[in-house]
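The values are calculated or read from the model by the stated rules, or taken from the named source; none is laboratory data. From a predicted model like this one, the values you see are computed outputs, not experimental measurements. Positions of Cβ are generated from backbone atoms using ideal geometry, with glycine treated the same way; all protein chains shown enter the neighbour counts. Keep in mind that these areas ignore ligands, DNA and RNA; they rest on the heavy atoms of the full protein, side chains included. Shrake-Rupley method; radii C 1.70, N 1.55, O 1.52, S 1.80 Å.
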Amino acid sequence: MLGIVIVSYKNFKGTVDFITKELKKITLPWKVVVVDNCSDSILGEKLAEACNGICVQKQEVITDTNNSVFVLPVKENLGFARGNNLGADF
């Protein structure tokens, strides 16, 4: 299983395109966590829906482990390093 963390900052289309087009080329089983910086739960839900994933808050317990895409909306801009750490912790 390959774990992928994507840190996104106000790049809805680019993030959706990467997940729906590029990640499908990977032949290994994978799961991706998208840390959506400067977002809210509404935008997080839209991003998750566009990527056939689920939107979660970092404190939530995940019951749908069959899903491959998880979106974490973050209200502030954590930057790359802190965003990457948040995704890895998730």
Checked segment 31-61 for anything among the small types (Gly, Ala, Ser) and farther than 12 Å from LEU72 by Cβ; matches are ALA50
Among (1) on the phi > 0 side of the Ramachandran plot; (2) under 10 Å from the mean Cα position of the chain (by Cα) - the single one CYS38 does not satisfy: (2)
Selection over segment 20-49 where residues are under 18 Å from PHE90 (Cα atoms) and either of a type in the set (Ser, Thr, Tyr) or buried (at least 17 other Cβ atoms within 10 Å of the Cβ) (or both) yields a count of 11
Does SER8 satisfy the criteria of being part of a loop (DSSP other than H, G, I, E, B) and under 21 Å from ASN84 (Cβ atoms)? no
So if I check each of VAL61, VAL32, which one is outside any helix (DSSP H, G or I) and touching a residue at least 24 places away in the same chain (Cβ under 8 Å)? VAL32
Out of ASN77, ASN52, which single residue is in contact (Cβ under 8 Å) with a residue 40 or more places away in the chain, open to solvent by 70 Å² or more (accessible area, probe 1.4 Å) and not in a helix (DSSP H, G or I)? ASN77
Within segment 35-49, how many residues turn out to be of a type in the set (D, E, K, R), out of contact with any helix residue (DSSP H, G or I) (no Cβ under 9 Å at 6 or more places or on another chain) and outside any helix (DSSP H, G or I)? 1
